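The next block holds one structure in the form of structure tokens; read it before the comments.
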Amino acid sequence: MATVPSAAPLDIATPPRGMVRDALRRHPTMIVGIILLVAMVLMAVFAPYLWTIDPQDLSPVRRLRQPSELYWFGTDMLGRDVYSRTVYGARISLIVGIAVAVLSVGIGLFFGLITGYVRLADTLIMRVMDGLMSIPPILLAIALMALTKASLENVIIAITIAEVPRVARLVRSVVLSLREQPFVEAAVASGTRFHRILLRHILPNTVAPLLVQGTYICASAMITEAILSFIGAGTPPTIPSWGNIMAEGRSLFQIAWYIILFPGIFLSVAVLAVNLVGDGLRDALDPRLARRM
Amino acid sequence: MFAYIVRRLLATIPVMGVVALFVFSLLYLTPGDPAVIIAGDFATGDDVARIRAKLGLDRPFGVRFGEWAWAILRGDLGISIFTNLPVTTLIGQRVEPTVALTLSTLLVAVVLAVPMGVLAAWKAGRWLDRLVMGFAVLGFSVPIFVLAYLLIFFFSIYLEWLPVQGYTSISQGFWPFLERLILPSVALGVTYIALIARITRASMLEVLSQDYIRTAEAKGLAADKVLVGHALKNAAVPIITIIGIGIALLISGVVVTETVFAIPGIGRLVVDAILRRDYPIIQGVILIFSAVYVLINLAVDISYTFLDPRIRY
């Protein structure tokens, strides 16, 4: 959802280190993003030390308590501590975000390279990708989840399938424009073998746009996971993901606002952090696009 | 021109064919017996057999797909497993709220986002630009349902200005209808506004650096004439494109927005269908939403020829 369709960036050599430092100075927001993101990762990793009460611990006695010194974010309908569950939720959100980003970039890269280089595969695969891209991503994920068992792996697979066509399309456009570049023509003319051209000349040039795209996919996957869980087609309700906590608060939001508010804020901040890092990366890696955006 | 439209219309057939094939084969691709999954945990053997026969899972894939696709072409989307009513009837009952919600969001978004992008490009690098771009980043980051609840908490529960949830048909009066659409439209529209504003700004920046803009400014044309008459007109193609592509955001968002605001639309229908694993409904809704998306983007493609006389087919 958070992805901005970007034009195929050309002529991007691997940036010298100075450029990244330069971009950091010019974009203080990226530093904010990195700090927030690091904080989120630390929270996810050290979740067992941060929570005050076991996030799965049921206790009807302390049902629907308002936020207090004891229960920082209050307790839900089953008396579970919302703060502890929210801290745990960071794990799910980050796992889904990172896994989907890595998987869809990997698979999309594979299809993108093939379609960019093999004519026959191009028409066939891109037809399928065009078809998949005309299904709104969340609906596609819903359709997949409605027929499988609710589990974290299935959520990751469903969101990945929805994201792959966009990556494939990006890689394909980069490959198509690279093929016309003099350095690739020179390599072909001097008899460089096919796989060597692909690995040494084409692949390195897809890294920068894919890094940027991967960050946006991570942000979008975190939102999609929360939405899927929220409407009951995501991670199983036993796992305290942010979407699940909010789903549990749905029917009670007029009296127990805190069940929805706190995980919602954490989700927004996490997505914001990833988006800020993505914007910074885009500006650092692709000065041509940065001027326009 | 006419030949072009016909050709583009024909080009949507393979795309919709892929969508249909994908939506249909999901039943076969997923691991496990779909009839058992759809029937749920408490189903008897009879229930499973009934569902299997209803979905035609006991017959070969090719035959079944042919029948299914032929039925769809005749406007028959199948029968809901849970309610035993035709899917087209169920969707028909839910069309009005969804159309009202998406149209009002679309209208509000375009009216707000385009001027925002134009002003941001005009004042590039200044505080107004930063404000708009800051809003855009936030708009991308706050998920629809989080924003929706924040709006409800503030405007409905704290200020008590607007109703919390629900939908009233326009036939029961314009204000009650509008009153219940304001918050959902805002919640649904923010990501879309952020997207359009960002692309409008980018496209305008590109145009504003052209020589003819400098000429227009040099001959003393007023800023608003330059911005709207010269620049925006030439920056229109990418903006219209993103308005079309962004419809996917609205369609995805409708599912969530209707759930939060308890609006009885198509999005709500699909969410209820997920919980009951009523697969014919899910298939039907995805097909219809995808067809709408493809047709809107077809219209966008065709509109290029009117916006930019240089584009000829």
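Filter the range B:267-277 for residues that are within 9 Å of chain A (Cβ to nearest Cβ) and surrounded by fewer than 24 Cβ atoms within 10 Å (Cβ to Cβ) and give the result. Passing the criteria: B:VAL271, B:ILE274, B:LEU275, B:ARG277. Note on the range A:167-286: enclosed helices (runs of 4 or more DSSP H) holding 2 or more residues that are in contact with a Gly (Cβ under 6 Å, 6 or more places away or on another chain) are A:203-230, A:242-249, A:257-285. Scoring B:ALA43 on the criteria (1) without any contact (Cβ under 8 Å) to a residue 24 or more places away in the chain; (2) surrounded by fewer than 12 Cβ atoms within 10 Å (Cβ to Cβ); (3) away from chain A (no Cβ under 12 Å) leaves a single failure, condition (2). Residues in the range B:188-212 that are among the charged types (D, E, K, R) and more than 11 Å from chain A (Cβ to nearest Cβ): B:ASP211 only.
Evaluate the range B:31-43: report whether one residue or more is within 23 Å of A:MET129 (Cα to Cα) and either not in a helix (DSSP H, G or I) or not small (Gly, Ala, Ser) (or both). I'd like the intermediate steps shown before the answer.
Start the filter on the range B:31-43 by keeping residues that are within 23 Å of A:MET129 (Cα to Cα), which leaves B:31.
Cutting the leftovers down to either not in a helix (DSSP H, G or I) or not small (Gly, Ala, Ser) (or both) gives us B:31.
Yes: the range B:31-43 contains one or more residues that are within 23 Å of A:MET129 (Cα to Cα) and either not in a helix (DSSP H, G or I) or not small (Gly, Ala, Ser) (or both).
Taking A:ARG166 as the residue in question, decide whether it is among the charged types (D, E, K, R) and more than 14 Å from every other protein chain (Cβ to nearest Cβ).
Details: among the charged types (D, E, K, R): yes; more than 14 Å from every other protein chain (Cβ to nearest Cβ): no.
When the stated conditions are applied, A:ARG166 does not pass them.
If only residues of the range B:158-176 that are out of contact with any Phe, Trp or Tyr (no Cβ under 8 Å at 6 or more places or on another chain) and assigned to a helix (DSSP H, G or I) are counted, the one that is least open to solvent (accessible area, probe 1.4 Å) is B:PRO176. Note on the range B:68-92: residues that are part of a helix (DSSP H, G or I), under 21 Å from the mean Cα position of the chain (by Cα) and touching a residue at least 60 places away in the same chain (Cβ under 8 Å) total 4.
For B:VAL110, indicate whether it is away from chain A (no Cβ under 12 Å), under 26 Å from B:LEU205 (Cβ atoms) and either part of a helix (DSSP H, G or I) or not aliphatic (A, V, I, L, M) (or both). Steps first, answer last, please.
On the way: away from chain A (no Cβ under 12 Å): yes; under 26 Å from B:LEU205 (Cβ atoms): yes; either part of a helix (DSSP H, G or I) or not aliphatic (A, V, I, L, M) (or both): yes.
Criteria met by B:VAL110.
Mind checking which residues of the range B:214-264 are open to solvent by less than 10 Å² (accessible area, probe 1.4 Å), in contact with a Phe, Trp or Tyr (Cβ under 7 Å, 6 or more places away or on another chain) and more than 9 Å from every other protein chain (Cβ to nearest Cβ)? Those that are open to solvent by less than 10 Å² (accessible area, probe 1.4 Å), in contact with a Phe, Trp or Tyr (Cβ under 7 Å, 6 or more places away or on another chain) and more than 9 Å from every other protein chain (Cβ to nearest Cβ): B:GLY246, B:ILE263. Residues in the range A:193-234 that are more than 16 Å from the chain's Cα centre (by Cα) and more than 14 Å from chain B (Cβ to nearest Cβ): how many? Matching residues across the range A:193-234 total 16. Annotation note: Cβ proximity below 8 Å between a residue of the range B:198-213 that is in contact (Cβ under 8 Å) with a residue 12 or more places away in the chain and a residue that is surrounded by 16 or more Cβ atoms within 10 Å (Cβ to Cβ) and aromatic (Phe, Trp, Tyr) (sequence gap 6+ or interchain) occurs for B:MET204/B:TRP122; B:LEU208/B:TRP122. Of the residues in the range B:159-167, none is within 14 Å of another protein chain (Cβ to nearest Cβ), under 30 Å from A:GLY243 (Cα atoms) and modelled with pLDDT of 85 or more. Scanning the range B:1-40 for residues that are within 9 Å of another protein chain (Cβ to nearest Cβ) and in contact with an Asp or Glu (Cβ under 9 Å, 6 or more places away or on another chain), we see that the one that is surrounded by the most Cβ atoms within 10 Å (Cβ to Cβ) is B:ILE38.
The values are calculated or read from the model by the stated rules, or taken from the named source; none is laboratory data. These figures come from a predicted structure and were not determined experimentally. Backbone-built Cβ (ideal geometry, glycine too); neighbour counts: all protein chains shown. Remember, those area values only see protein heavy atoms, side chains included, never the ligands or the DNA or RNA. Shrake-Rupley method; radii C 1.70, N 1.55, O 1.52, S 1.80 Å.
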